[in-house]
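See structure below.
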Amino acid sequence: MPKITLQTGDISRFSGDAIVVPSDIELTNTHINRTVEKILEKGGPDLMREASAIGYCEIGNAVRTNGYRLNVQHIIFLPYADSNNPGNTIDTIQLHLAFRSAFTLASLYDVKTLAVPLLRFKRRQSLKDKLLNFEI
């Protein structure tokens with residue numbers, strides 16, 4: 001199991017084996033959050049080509065690419081939203097499955113250090129509500 005770092009701030013600055021990038025189901029959709037935009041920009045055209053070739057990943061799953069120009073060997077995209085269907089967002093079960101998928105990929109690629117961005121919650125709420133209503 002890799003050493004997991006909960007990363008605050010700009011995850012694209014992490015140096016290690018891999019980062020988890022919360023994304024849209026369309027991996028190259030930069031409108032979903034600033035993190036995806038930064039990762040694709042800093043990763044360079046080869047990352048954009050690889051992510052475009054993969055194209056799509058269902059909510060509840062994860063997909064891996066090379067790190068290219070970033071200081072990591074692997075990027076694990078973890079879709080949490082569907083910009084084409086705003087009602088289709090991740091729930092707690094899908095979040096659990098997505099992280100299991102991400103950690104399985106990390107294990108398969110012998111990742112020793114993995115950064116995961118911290119989730120920010122929209123407002124003060126109960127733990128149950130926090131798990132159901134988060135934003136990246």
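Below are the figures for this structure:
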item: Test: Pro86 is more than 19 Å from Pro2 (Cα to Cα), open to solvent by less than 10 Å² (accessible area, probe 1.4 Å) and not β-branched (Val, Ile, Thr); result: no
item: Meets criteria (among the β-branched types (Val, Ile, Thr), open to solvent by less than 40 Å² (accessible area, probe 1.4 Å) and either at pLDDT below 95 or not in a strand (DSSP E or B) (or both)) for Val20; result: no
item: Tally of residues being in contact with a His (Cβ under 7 Å, 6 or more places away or on another chain) and modelled with pLDDT of 95 or more across the range 67-106; result: 1
item: Residue ID - farthest from Arg34 (Cα to Cα), chosen from residues in the range 107-125 that are touching a strand residue (DSSP E or B) at 6+ places or on another chain (Cβ under 6 Å) and at pLDDT 85 or above; result: Tyr109
item: Arg69, sole failed condition from (1) part of a helix (DSSP H, G or I); (2) surrounded by fewer than 21 Cβ atoms within 10 Å (Cβ to Cβ); result: (1)
item: Verdict on Phe77 being under 13 Å from the mean Cα position of the chain (by Cα) and open to solvent by 50 Å² or more (accessible area, probe 1.4 Å); result: no
item: Cross-chain or 6+ apart pairs with Cβ under 7 Å, the range 80-104 first and in contact (Cβ under 8 Å) with a residue 40 or more places away in the chain, then open to solvent by 70 Å² or more (accessible area, probe 1.4 Å) and in a helix (DSSP H, G or I); result: Asp91/Leu132; Thr92/Leu131; Thr92/Leu132
item: Selected residue [in contact with a strand residue (DSSP E or B) (Cβ under 8 Å, 6 or more places away or on another chain), under 16 Å from Ile11 (Cα atoms) and among the polar types (S, T, N, Q)] from Asn66, Asn71, Asn61; result: Asn66
item: Enumeration of residues in the range 1-17 that are open to solvent by less than 40 Å² (accessible area, probe 1.4 Å), farther than 23 Å from Leu97 by Cβ and of a type outside the set (Asp, Glu); result: Ser12, Phe14, Gly16
item: Residue, least open to solvent (accessible area, probe 1.4 Å), within the range 27-51, restricted to residues that are over 18 Å from Val116 (Cα atoms) and of a type in the set (Asp, Glu); result: Glu50
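The values are calculated or read from the model by the stated rules, or taken from the named source; none is laboratory data. The structure presented is a predicted model; accordingly, all values stated were derived computationally and were not measured. Positions of Cβ are generated from backbone atoms using ideal geometry, with glycine treated the same way; all protein chains shown enter the neighbour counts. Protein only, heavy atoms only, side chains kept; ligands, DNA and RNA dropped before computing areas. Shrake-Rupley method; radii C 1.70, N 1.55, O 1.52, S 1.80 Å.
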